[in-house]
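The values are calculated or read from the model by the stated rules, or taken from the named source; none is laboratory data. Fair warning: this is a prediction, and the values are worked out from it, not measured in the lab. Reconstructed Cβ throughout: ideal geometry from the backbone, glycine too, with neighbour counts over all protein chains shown.
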Amino acid sequence: VSTILLITSSVLYYKNYKGYIDIKDSLAEYQHKYKINNTELQLIRGKYNKLNNSIKMEKHQLENKFQGKNDIDIFNEGISSYKEKNYKKAIENFSYLVDRGIDSSIVSESTFFSAVTYEKLNNIEKSEQFYYKYIDKYKGKNYYDDSLYNCGIMLYKNGNKEEAKNVLTILQKEVPDSMFVNTTVRMILNN
């Protein structure tokens, strides 16, 4: 009986010891993974802080650049830069006005010209974003039909034909007398 008891207790001890070793190994593995993840987190945090500081510095420089200027002056500088094909500088001016402008008519025009300028830079995603912003916020304003037309044609040229049709359908329904409801628009809508 004592031999059986000894064997049974040895087997139980071995199983418990093996379980202990497995848990200890798993713990060591998790500690190792934790150290790796923590190191990666520190690297990412460092990159984030560097990028965040860079953005803050650019924002501060941009604010200082436009300090003391009114919306019309900033807009006119943007238009001049656009005409000179200095699109990056034009975007700075228009974006500043879209974010911080006071005069609503200047803000709306800056929104439109941001879309057009991004399209010139072949940044279709940003251009589309600003066209939709103009279409949603400034229905019936100066560049409403221009925005619908430009956005629709841009989408069509970039292969997004269904979305282009949706936008151009809005143009045709909401501004039927627009000069932009032309043969190109009709051709796209009929295909």
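Worth pointing out:
- Just one residue in the set Lys35, Lys59, Lys18, Lys50 is more than 30 Å from Val116 (Cβ to Cβ), modelled with pLDDT under 85 and of a type outside the set (Val, Ile, Thr); that residue is Lys18.
- Only one entry in Tyr96, Tyr20 is part of a helix (DSSP H, G or I), touching a helix residue (DSSP H, G or I) at 6+ places or on another chain (Cβ under 7 Å), surrounded by 10 or more Cβ atoms within 10 Å (Cβ to Cβ) and without any contact (Cβ under 8 Å) to a residue 60 or more places away in the chain, namely Tyr96.
- Odd one out for Asp103, checked against (1) within 21 Å of Met154 (Cβ to Cβ); (2) surrounded by 11 or more Cβ atoms within 10 Å (Cβ to Cβ); (3) of a type in the set (D, E, K, R): (1)
- Selection of first residues in region 102-124 that are within 18 Å of Lys139 (Cβ to Cβ) and free of Cβ contacts under 8 Å to residues at least 24 places away in the same chain and of second residues that are of a type outside the set (Val, Ile, Thr) and outside any loop (DSSP other than H, G, I, E, B), restricted to Cβ pairs under 7 Å at least 6 apart or on distinct chains, gives the following pairs, ordered by first then second residue: Ser114/Phe94; Ser114/Ser95; Ser114/Phe130.
- Helices (runs of 4 or more DSSP H) completely within region 108-179 that count 1 or more residues being touching an Asp or Glu at 6+ places or on another chain (Cβ under 6 Å) and not hydrophobic (A, V, I, L, M, F, W, C): 124-137
- Checking Glu58, Glu77 one by one, the residue that is in the same structural domain as Lys133 (by TED's automatic domain parsing), of a type in the set (Asp, Glu) and assigned to a helix (DSSP H, G or I) is Glu77 and no other.
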